[in-house]
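Just so you know, all these numbers are worked out from the coordinates, no wet-lab data involved. Predicted, not measured: the structure shown is a model, and the values here were computed from it. Heads up, the Cβs are rebuilt from the backbone with ideal geometry, glycines too, and the neighbour counts pull from every protein chain shown.
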Amino acid sequence: MECYERMEAVISYLEENIAGEVQPDALAKIAGCPIGIFQRIFSFMLGMTMSDYIRRRRLTLAVTDLQHGDEKVIDIALKYGYDSHASFTRAFKDQHGISPSSVREGLLATGCLSRISFQPLDELGNEQTYRMEKGRRIMSKLTKIEFVNYGPYKIVGKEIRTPISPNIQKFWGQCFEEGMYDKLLAMKAYIPTDILDDYVGYFREYDGADESFTYVVGMFMNPDTPVPEGYVGYDIPETLIAKAWIQGEEVEIYNNAYFLITEAMQQNGYEVDWEQFYWCEVYTDARFGIPKSQGETCLTLDYYMPCKKTACSAI
């Protein structure tokens, strides 16, 4: 049995026993080598220990149970090897950034880990949408990238100052509840004719000291757009940007987009333009909004990021 076939067999065994007891002797038999040696191979290939994989998968499956079932939190905790509500909640928040009760209320949990597979093809015969890169499992993929001049525009919307956290998701919900977009869409004369009226999440002013940034929920509009009371407006000067499509499950897109885009930039002779830097998620109806509303889990999110030719490429 080849190495990848053994790894796939081990993963299958772990998944079948994820809520139960993993037997070292059974694992060693499947792996075809002493368990200590195999654990080192596992860590090298996946960039995490086997115990970390089991823990993260259990907490990921707990998210599914909370979203789609009605079991009590303590029963889910016991199911996945936690002996108290407190220890489960602590581990859950460490991985997902929010509490189990918040997931029950509909908030999106980050840090989920899908089942790892070493099969080159999925059940439909398509190439898998992930790869291993220096121990990191890339679960989404870049399907398109182009380098174009973009702007000038003004992004108009509402903002918060926040670290990476569930605050962003709550803020999106708040903006929709308040009808923020209704006012912007009513300003038809100021919506550019050359771009769609897509919803935009715009990052700027990152502070490495506390890992906070300004996040704007809004729309791209003409440079002369008057900013309504209670809204903010930021000028987007004309500049060269990378426009990328990232495809995958929503959480995996967020986790891997920056890595995939900057990698593609380098491969094409570009780099991030830090003097003009912003980071923009563009939620199109066609590739994101409509598929998600129809229950599809494989989505495509557009990203915009200022870039420039690398020094050697510009010569």
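With the Cα gyration tensor of the stretch 148-314 giving a ≥ b ≥ c as the square roots of its eigenvalues, does the rule (a/c under 1.5 for rounded; else a/b larger than b/c for prolate; else oblate) give rounded, prolate or oblate? Rounded, because the longest to shortest axis ratio a/c is under 1.5. So what's the chain giving for Rg/Rh, alpha carbon basis, Kirkwood Rh from the mean inverse pair distance? Value, to two decimals: 1.01. The angle between the Cα long axis of helix 3-16 and the main principal axis of the chain comes to about 90°, on a 0 to 90 degree scale.
Annotation: the residues ARG6, ARG58, sorted from fewest to most other C-beta atoms within 10 Å of their own C-beta, follow the order ARG6, ARG58.
Peptides 213-219, 104-110, 188-194, 81-87 ranked from most to least packed, by the mean per-residue count of other Cβ atoms within 10 Å: 213-219, 104-110, 81-87, 188-194. Please give the helix 250-267 orientation as an angle from the longest Cα principal axis of the chain, in degrees from 0 to 90, rounded to the nearest 10. Once rounded, one gets 70 degrees.
Angle of helix 50-68 to the longest C-alpha principal axis of the chain, folded into 0 to 90 degrees and rounded to 10: 60°.
As a proxy for reagent exposure, LEU78, LEU184 were ordered by neighbouring Cβ count within 10 angstrom, fewest first; the result is LEU78, LEU184. Sorted on the mean count of surrounding Cβ atoms within 10 Å across their residues, most packed first, peptides 258-271, 237-250 read 237-250, 258-271. From least to most packed, judged by other beta carbons within 10 angstrom and beginning with the fewest, THR297, THR162, THR225, THR49 follow the order THR297, THR49, THR162, THR225.
Each stretch of four or more DSSP H residues adds -39500 (n - 2.57); spread over every residue of the chain, this sum gives -11000 deg cm²/dmol at 222 nm.
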